[in-house]
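The structure under discussion appears below in the form of structure tokens.
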Amino acid sequence: MWEKKKEVEEVRAFLGKGAEFIGKLIFNGAVRIDGDFQGEVYGQGSLVIGEGALVKANIAVNSVYIGGDVQGNIDVKEKINIHSTGKFCGDVRTPVFIMEEGAFF
């Protein structure tokens, strides 16, 4: 009858721990980063930054979930969620800002 909307859609691309990438990422759907990323991120979907990840980038996506370390500017259409393990240093523009206890902003 009532279906709960998934918070994050199915992950279509993944950058694992120990992997490093420098450049521009453009995507549709959901992407998860658990490694190190430096550059720019543009997406029509969700960006999940896992615990232990380091992202130095300007980001423009629909929603972002931060569990790791993010440095840069973020422009979000829907919401940003910084989990208790997350750190974010930069400017943000978003209609919804969620920050768990223990998170760093």
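The values are calculated or read from the model by the stated rules, or taken from the named source; none is laboratory data. Source: prediction; values computed, not measured. Counting neighbours? That spans all protein chains shown, and the Cβs are built from the backbone with ideal geometry, glycine included. For accessibility, only protein heavy atoms count, side chains too; no ligands or nucleic acids. Shrake-Rupley method; radii C 1.70, N 1.55, O 1.52, S 1.80 Å.
Among the residues of segment 85-94, not a single one is of a type in the set (S, T, N, Q) and either touching a helix residue (DSSP H, G or I) at 6+ places or on another chain (Cβ under 9 Å) or open to solvent by less than 10 Å² (accessible area, probe 1.4 Å) (or both). Just to verify a result, which residue in segment 62-78, among those that are of a type in the set (A, V, I, L, M) and out of contact with any Asp or Glu (no Cβ under 8 Å at 6 or more places or on another chain), is surrounded by the fewest Cβ atoms within 10 Å (Cβ to Cβ)? My answer is V76. Filter segment 45-55 for residues that are under 18 Å from K24 (Cβ atoms) and aliphatic (A, V, I, L, M); which is surrounded by the fewest Cβ atoms within 10 Å (Cβ to Cβ)? Top of the filtered list is L54.
Please go through segment 37-77 and pick out each residue that is assigned to a loop (DSSP other than H, G, I, E, B) and charged (D, E, K, R). E51, the sole residue that qualifies. Among the residues of segment 97-104, not a single one is open to solvent by less than 60 Å² (accessible area, probe 1.4 Å) and either assigned to a strand (DSSP E or B) or free of Cβ contacts under 8 Å to residues at least 12 places away in the same chain (or both).
Taken as a whole, the condition of being surrounded by fewer than 19 Cβ atoms within 10 Å (Cβ to Cβ), modelled with pLDDT of 95 or more, touching a Ser or Thr at 6+ places or on another chain (Cβ under 8 Å) and within 22 Å of T94 (Cα to Cα) does not apply to N58.
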